[in-house]
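See below for the structure under consideration.
The values are calculated or read from the model by the stated rules, or taken from the named source; none is laboratory data. These numbers were taken from a predicted model, which means no experiment stands behind them. Positions of Cβ are generated from backbone atoms using ideal geometry, with glycine treated the same way; all protein chains shown enter the neighbour counts.
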Amino acid sequence: MIERIVSKFASKFHKGIAHTKEYYFWSKIPSATLVKEVNLKNFGGCRLFVTDINQDGIKEFLWLQSAGMFKSKIYDDFPGIKNYLDKIGQENVFCLTATDQDGNVLWQIGEPYEGENPYLTHSPEHLLKTGDVNGDGIDEILVFDAADNILVLNPLNGEVIQKIKLPNDSFSILYYIKTGKQPKDFILLVGVMDRSYAPHPYANPWLIIDSNFDIINSQDYIGAGHNVLHEDFNNDGKVELVIGYQLVDTKGDVIWTTDYWKDKEIDSLEQHADYIHAKKINEQWVIAISGSDKQYLLDTNGKTIWEKSLPHPQFSIIGCFKGEPRILVANQREIINSFSLAGDEVWKGMLPEHWPMGKPKLANQKRPIHSSDPLDFIPGKNNTDWLLYKEGGWPFIVDFQGNIVMKFPFTPHAKKKDPTVGFHRLNDIGMAYEGEIVDTDNDGKLEVIIYDRSYLWIYKIDKLNENNNEENV
Ligand SMILES: [Ca+2]
Ligand SMILES: [Ca+2]
Ligand SMILES: [Ca+2]
Ligand SMILES: [Ca+2]
C-alpha cells in the first residue's frame, strides 16, 4: 500500500517537473504579435485560400468546406472512414464562402455544414486554384465540387460559369498552368490524390485539360503522388511538370524518368512521391522528393544526387540556414531530419507537441496528425528561412535545424470543443490548426494566419527578421 502511494506520488512529481520544464521552455520563446481574431460562424472551412478576387489590391478569403479526397466513393469500402461517415451522417459536403478579412460574407455557394459532429476531410489543399480561363484579365476560381466536376466561378459573385465534367470522382488535385503569353495559353492539370479506380496505379491517372476544357491527355506516371511542380526546369523558355519521378511536358509526354526508377518496377502505394519541392541554387535546379520509403535529391536532368532510406519521408522542403542550403525532411511516423546539399545530416530530432490550451480528449493516438503539408515555408532575410510547424498541435515557427524560434499567443477561442465521435487523425476532423503565410495587409511583410473551422487569427512575425539581424551583427 505504502509502495503504491509512494509510486503514485513519484509519478505525479515527475509529471509536475516535466510540466514546469515545458512551461519554462516555452516562456523563453519570443512571441508573434496577434493583430486580428475573426469568428468564422458557420462558414469556416477546412481550408483557406487567400486571393484578391475583385482586383482592388486587397486580398479576400475563400473558405472551403469539403471532404477533400474523401469525396470519392472509392473510400466507401474503408471501414474506419465509412464508420465515421455513417455515424455522423455525412454526405456531399461542399460550401465555398468568400469573405473580406474581417469575416464579412461577400458571396457563398453551397450550404454551410450544420452537422453536430465535425465533417471528415483529408488533403483539401489542391481543391481550389485561380486563373484566367476566358481571357478577360480576371482570374476565375476553379474548384472541385462534392462529386466529379470542376466548377469555374465568377470571382465577383460566385456564379458558376462553367462545369468541367471529369471521368470519375477520384480527382482532387488541380493546377492552372500558363504555357505562354496568350490568353488561351494555359492548361489545367488534374490528378488523383490517393486511391485510384482500376486499372490505374495509386494516385493516377493525370489529366491535361486545354483552354476549350477538353481532356487532351490522360496518363499514368511513375510514382505520382500528392503534388506536382511546374517550372522551366531545362531553361528552354517552356514550362515542364514534375509528376512523381518523371519530368513531363505540358502535352503530357515524358521527358525523363529519374535514373533510380528507370526501367524498374515500382510499388506505387509504398514508393510514390509524397511531396516534391524544387529550388534554384547557384542557377541550377535541385529537386527534393519525399518518396514514401526514401528521400531523394535530383538534379535538373533527373540524375540522383543522393538518396536515403528513412522512416516514411512524407514532406521535404529546401531552404536556408545561415546562408547554407538545407533540405528538411518530415517523416510520417518518426523523426525530422535536416540535410546539407551534399546529403550530410546536420540535425535530427522530433519537434514537440504543443497544446497550451489543452489537447482534445479524443486525441487517443500519439502525434495523430498526418497532413500533406506539415510545414509552411517562411522566406527570411539574411539567408535564413523559417517554417511554420503545424503537426504538433498549436503551431510554432522553427528554423531549418529544428530550433524553435517563435510561438503564437492564443485566445480562449483556440480551445477545442471535444467532439463526441472520434477519428484517428485529429486534423481530418478539424481538431488541429492550419496555417497560411500571406502578406495580408500589403506592407511587404508576411503575416502568419492560423485558423481552425471556427476562428482565424492573424499574427505579425516581424521580430523574426529583427532577431535574425541582431544575430548576424
Ligand atoms: Ca480584393
Ligand atoms: Ca477571366
Ligand atoms: Ca523548359
Ligand atoms: Ca504584411
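Of note:
Residue-by-condition table, conditions (1) aromatic (Phe, Trp, Tyr); (2) at pLDDT 95 or above; (3) within 14 Å of residue 456 (Cα to Cα):
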site: 4; (1), (2), (3): no, no, no
site: 37; (1), (2), (3): no, yes, yes
site: 51; (1), (2), (3): no, yes, no
site: 55; (1), (2), (3): no, no, no
site: 67; (1), (2), (3): no, yes, no
site: 70; (1), (2), (3): yes, yes, no
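- Residue in region 223-235 that is in contact with a Phe, Trp or Tyr (Cβ under 8 Å, 6 or more places away or on another chain), closer than 19 Å to residue 256 by Cα, surrounded by fewer than 18 Cβ atoms within 10 Å (Cβ to Cβ) and modelled with pLDDT of 95 or more present: yes
- Some residue of region 253-266 being more than 16 Å from ligand 1 (Cβ to nearest atom) and touching a His at 6+ places or on another chain (Cβ under 9 Å): yes
- Region 116-142, residues that are within 30 Å of residue 423 (Cβ to Cβ) and within 15 Å of ligand 2 (Cβ to nearest atom): 129, 141, 142
- Region 34-59, subset more than 15 Å from ligand 4 (Cβ to nearest atom) and outside any loop (DSSP other than H, G, I, E, B), residue farthest from residue 115 (Cα to Cα): 51
- Listed by first and then second residue, the pairs linking a residue in region 79-98 that is touching a residue at least 60 places away in the same chain (Cβ under 8 Å) to a residue that is of a type in the set (S, T, N, Q), with Cβ atoms under 8 Å apart and 6 or more places separating them unless they lie on different chains, are 84/90; 87/117; 88/117; 96/65; 96/108; 98/108.
- Of all residues in region 96-148 being of a type in the set (S, T, N, Q), part of a loop (DSSP other than H, G, I, E, B) and more than 16 Å from ligand 1 (Cβ to nearest atom), the one that is surrounded by the fewest Cβ atoms within 10 Å (Cβ to Cβ): 134
- Where strands (runs of 3 or more DSSP E) sit wholly within region 282-391, those with at least 1 residues that are in contact with a Cys (Cβ under 7 Å, 6 or more places away or on another chain) and surrounded by 14 or more Cβ atoms within 10 Å (Cβ to Cβ) occupy 324-331.
- Yes/no for residue 212 being polar (S, T, N, Q), over 25 Å from residue 138 (Cβ atoms) and exposed (fewer than 15 other Cβ atoms within 10 Å of the Cβ): no
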